[in-house]
Amino acid sequence: MRRSSRIPKEIAILLVGSDMDGKVFSEETKTVVLSRHGAGIVSQYVLSAEQELILRRLDTDKEAEVRIVGQLGSYRESHTYGVAFLDAEMDLWGVDFPSMTDSEKEASRVLLQCSSCKAREVVQQSDLESDVYLVNEGIIRFCRKCGSSTIWKRATGDAAGETVLLENTPPEAEQRAEPVETLPVPSPDPAPAPAPVPQTAARTENRRKHVRTRVNFQACVRTHTFGDDIVTCEDISRGGLCFTSRKQYIEQTEIEVAAPYSPGNPDIFVRAQIVHVEELKQEGRFRCGVHYARS
């Protein structure tokens, strides 16, 4: 049996983040259990797995960036979530947790399978991840093959099968005959562009730096060429966002963006740059990755 490294304890905390509608909130609440890797916390907000929050202890003012591992339970308007530190070396609680033995480490290794693409990975689950998995009979993790967060469950069948993520992608669908707007062609003899980073590597790096939260709201992208373009925001993180549009933007384009965007309200635009453009041929749209400019 794996020894418990969870300590039931209530500590007053402040949570800062955004809800499912993209609205920023600040909430004074508490922990219900402490862990070497994070905590179990209570919140009145509905939060999604994999999104980032700032967690601050009210007694010491020490804070840490955390991600939602998943929901552990709910009662009336209150929800209990497991959260994990983004910094694996973070010591926010000042508690000596029991170290795992080699046999316990081996027991925590499980073969999981993406419910979407069926890719398999052997992962070492933390105590919080194990709790979330048992409660929900699955866990949301980032899939490098899908390029997004998906539901993972224990792999069925032969556990000795292929566990390396496959790089095969389905054939591209035929493009719809629908006109799209394009930016002007750059001037001739442009400076040589750097070698493109493999898509999988780029996704892995993005996953390591900033956890993306899936959203579905409008954003406004402002450029000299297209003016104000109302787009659909697909995900957002501390470092940037991803949107889709019928207008074809060019990588390295400097933009201003307001997300979320509500017409008639005093929206705040921030400077950013388009760093990736992907054509969605079947939809006649373009998916753009955006990095916020450093202030």
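The values are calculated or read from the model by the stated rules, or taken from the named source; none is laboratory data. If you're wondering where the values come from, they're calculated on a predicted model, not measured in any experiment. Counting neighbours? That spans all protein chains shown, and the Cβs are built from the backbone with ideal geometry, glycine included. Accessible surface is based on the protein model in full, side chains and every heavy atom, while ligands, DNA and RNA are left aside. Shrake-Rupley method; radii C 1.70, N 1.55, O 1.52, S 1.80 Å.
I'd like the Karplus ³J(HN,Hα) series for region 271-282: coefficients 6.51, -1.76, 1.60, θ = phi - 60°, whole numbers in Hz, and an x wherever there's a Gly or Pro.
So the J values, rounded to whole Hz, are 6, 7, 9, 7, 10, 8, 10, 10, 7, 9, 4, 5.
Would you calculate the separation in nanometres between label points at residue 9 and residue 60, each defined as 7 Å from the Cα along the Cα-to-beta-carbon direction?
For residue 9 paired with residue 60, the spin-label model returns 0.9 nm.
Filter the trypsin sites (Lys or Arg not before Pro) in region 238-295 down to the DSSP loop ones having no more than 15 other Cβ atoms within 10 Å, then list what survives.
Numbers: sites: 238, 246, 247, 271, 281, 285, 287, 294; in loops: 238, 246, 281, 294.
Here the sparse-neighbourhood loop sites are 238, 246, 281, 294.
Keeping every protein chain in place, order 79, 37, 291 by accessible area at 1.4 Å, biggest value first, i.e. largest first.
Output order, biggest surface exposure first: 291, 37, 79.
Restricting to DSSP loop positions (anything but H, G, I, E, B) with no more than 16 other Cβ atoms inside 10 Å of their own Cβ, which GluC sites (Glu not before Pro) remain in region 249-295?
251, 283
Please report Rg (one decimal) and Dmax (integer) in Å for the Cα set of region 1-155.
Spelled out, the Cα radius of gyration and Dmax of region 1-155 are 15.6, 45 Å.
For each pair in 9/105; 105/145; 153/281; 145/247; 30/105; 145/281, compute the distance between the two Cα atoms and list the pairs where it is over 21 Å. It would help to have the intermediate numbers written out before the result.
On the way: 9/105 25 Å; 105/145 26 Å; 153/281 31 Å; 145/247 27 Å; 30/105 29 Å; 145/281 19 Å.
Check vs 21 Å cut-off fails for 9/105; 105/145; 153/281; 145/247; 30/105.
Give me the one-decimal nm value for the distance between modelled label points at residue 268 and residue 89, 7 Å along each residue's Cα-to-Cβ direction.
That separation, rounded to one decimal, is 3.2 nm.
Could you compute how much accessible surface residue 269 exposes when probed at 1.4 Å, giving the result in Å² to the nearest 10?
Residue 269 has an accessible surface of roughly 60 Å² with all protein chains in place.
If you average over every viewing direction, what projected area does the convex hull of the Cα atoms of region 1-89 give, in nm²?
The orientation-averaged projected area of the Cα hull of region 1-89 comes to 6.2 nm².
Once amide H atoms are built 1.01 Å from N in the peptide plane, which residues 5 or more positions from residue 73, or in another chain, come under 5 Å H to H?
Here the answer is 80, since their amide H atoms fall under 5 Å of that of residue 73.
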